[in-house]
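Structure first, commentary second.
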Amino acid sequence: MSTGTNARPGEVVLRLSDISKNFGALKANDGISFDLAKGEVLALLGENGAGKTTLMNILFGHYVADQGSIEAFGNPLPPGRPAAALDAGIGMVHQHFTLADNLTALENIVLGTESLLAWRSDGKRAKGRVAQLAADFGLAVDADKRVADLSVGERQRVEILKALYRNARILILDEPTAVLTPQESEALFATLKKLVARGLAIIFISHKLNEVLAVSDRVLVLRQGKLVAGRATAGATRAELAEMMVGRPVPAPKMEARAPGAELLRLARVTVLSAQGRPELDADLKLHEGEIVGLAGVSGNGQAVLADLLSGLVGPSAGQFTMFGETVTATDAAGMVRRGLGRIPEDRHAVGLIGDMSITENMIAERYRESPFAKGQLIDWKAARAFAEGIIKGFDVRCPGPHATARLLSGGNMQKLILGREMAGDPKLILAAQPTRGLDIGAVGYVHEQLLKARARGAGILLISEDLDELLALSDRIHVIYRGHLSPSLLRDSFSVPEIGLMMAGHGFGGSHAA
């Protein structure tokens, strides 16, 4: 298949030629070349570790390529200078927003655009220009509001306005819909259409293939640092793009109907209070054997508090919390693991693994005092290494071996390690918080397969995810969480994506589909 490196007919605004970058023995980018045209949306796909982030960091000046060159609007782009990229008209909206929460939207947008020698900021002129940009591109936001008080969708609009305010003509969007509701995603796509109609060129990085098909004109695929495939988006299918990414067919998860078993978990009017005494969670929830219950919601609406409660990191302030028939009244993280909880945390770097420890040490971290790892007051390292090697082999973890430091692994391989560790004890109850966030479609498929295997053997799973496609594919029932409150559960196949999206934004709690 042609790699489709040539832009569609029109003015070429960006040209990457033979870009290569090594990190020691790792070849992150290997001779990558492609063009981008004015008014074109180019999707960049690839597995975790394929080289997408490295390539964009080279383009934006955060890294210097070992080989190759970049031209923007016909002029050479000086390497290693983000200011030069900005001056050339290149803007980037990162997946994790780079905004100052204590400043207003307007202050964030203009930050760094005015001379430090100026007597005063021309706020009136700046505010007028921001208002005009917002009106032109459908990016409504209260410029005087602190970023800390904005919704996730509004923060993303601020990031895009920040780039447009700097006269960006090329916009890089990294996983732009990762934390948006369906309605917010649709609003973003409408904005993108207005941007390309004005001649902006866009590089769109996403793991959501349906969105890539809906938004882009052309697709390029990276694999192991090389540009391996490319084609026009028109006529492409999701299955075709997935196979281009991973080099093999990626089957969709298959849910088999089964009756739920005994009750494993019950929250009855359970509340959790903050340190200041404010309610952060007010939940009614039931989970049974052989059942996956999904939890949908925009980030920051109480999902993390619920996960901490079930993990034993915080205790209930009121209500009845029952797990495996026992009442839980206090903070008891170790006790939850002993009871049979498997925990896949939201942040695999900060919570799931300890980056500076070896794979072996991480694999026994929750059970090093138990058999077969405990040898009196010492650790049986032979047994520990054998356990780690079994996980590496059984879960296809790509790493040098059990001695390797955890932080050297890719995100997908870190997630496989955590899955292996938690599944090894055949947990009766699994808390899966954002288990596929940031993973490529191949790794996502593997995680889904493991969760469905656990369901088939009778485990109950609470799946917390901001990916509605994932929730719809795996869940028997779904709750929506908004500002710490849970909706009644919604039966599988009894609701639409727009309904869920509205509830994620705080509308329509309740409804006729409650189970």
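The values are calculated or read from the model by the stated rules, or taken from the named source; none is laboratory data. Because the structure is a prediction, the values reported are computed rather than measured. Every residue, glycine as well, gets a Cβ built from its backbone with ideal geometry; the counts of neighbours run over all protein chains shown. Just so you know, the surface numbers come from the protein's heavy atoms only, side chains and all, with ligands and any DNA or RNA stripped out. Shrake-Rupley method; radii C 1.70, N 1.55, O 1.52, S 1.80 Å.
Here are the numbers:
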item: Selection from region 362-376 of residues that are without any contact (Cβ under 8 Å) to a residue 40 or more places away in the chain, surrounded by 15 or more Cβ atoms within 10 Å (Cβ to Cβ) and not aromatic (Phe, Trp, Tyr); result: 364, 374
item: Hits in region 462-476 - residues which are under 17 Å from the mean Cα position of the chain (by Cα) and part of a strand (DSSP E or B); result: 463, 464
item: Residue tally, condition open to solvent by 10 Å² or more (accessible area, probe 1.4 Å) and either closer than 23 Å to residue 439 by Cα or of a type in the set (Asp, Glu) (or both), over region 136-154; result: 6
item: Test result for residue 241, within 28 Å of residue 497 (Cα to Cα), in a helix (DSSP H, G or I), touching a helix residue (DSSP H, G or I) at 6+ places or on another chain (Cβ under 9 Å) and touching a residue at least 60 places away in the same chain (Cβ under 8 Å); result: yes
item: Only one of 451, 429 that is at pLDDT 90 or above, under 26 Å from residue 209 (Cβ atoms) and buried (at least 21 other Cβ atoms within 10 Å of the Cβ); result: 451
item: Test: residue 118 is modelled with pLDDT of 90 or more and either among the β-branched types (Val, Ile, Thr) or open to solvent by 40 Å² or more (accessible area, probe 1.4 Å) (or both); result: no
item: Search result, residues across region 340-361 that are open to solvent by less than 70 Å² (accessible area, probe 1.4 Å) and among the aliphatic types (A, V, I, L, M); result: 341, 344, 353, 357, 359
item: Any hit, region 306-318, residues being surrounded by fewer than 16 Cβ atoms within 10 Å (Cβ to Cβ) and assigned to a strand (DSSP E or B); result: yes
item: Residue among 430, 418, 392 that alone is assigned to a strand (DSSP E or B) and either over 20 Å from the mean Cα position of the chain (by Cα) or of a type outside the set (D, E, K, R) (or both); result: 430
item: Selected residue [β-branched (Val, Ile, Thr) and within 20 Å of the chain's Cα centre (by Cα)] from 158, 141, 130; result: 158
item: Residue ID - farthest from residue 445 (Cα to Cα), chosen from residues in region 186-215 that are small (Gly, Ala, Ser) and open to solvent by less than 10 Å² (accessible area, probe 1.4 Å); result: 201
item: Region 479-511, residues that are over 14 Å from residue 295 (Cα atoms), over 24 Å from the mean Cα position of the chain (by Cα) and either modelled with pLDDT of 90 or more or of a type in the set (S, T, N, Q) (or both); result: 494
item: Matching strands (runs of 3 or more DSSP E) fully within region 1-103 where at least 3 residues are open to solvent by less than 30 Å² (accessible area, probe 1.4 Å), out of contact with any helix residue (DSSP H, G or I) (no Cβ under 9 Å at 6 or more places or on another chain) and modelled with pLDDT of 95 or more; result: 26-37
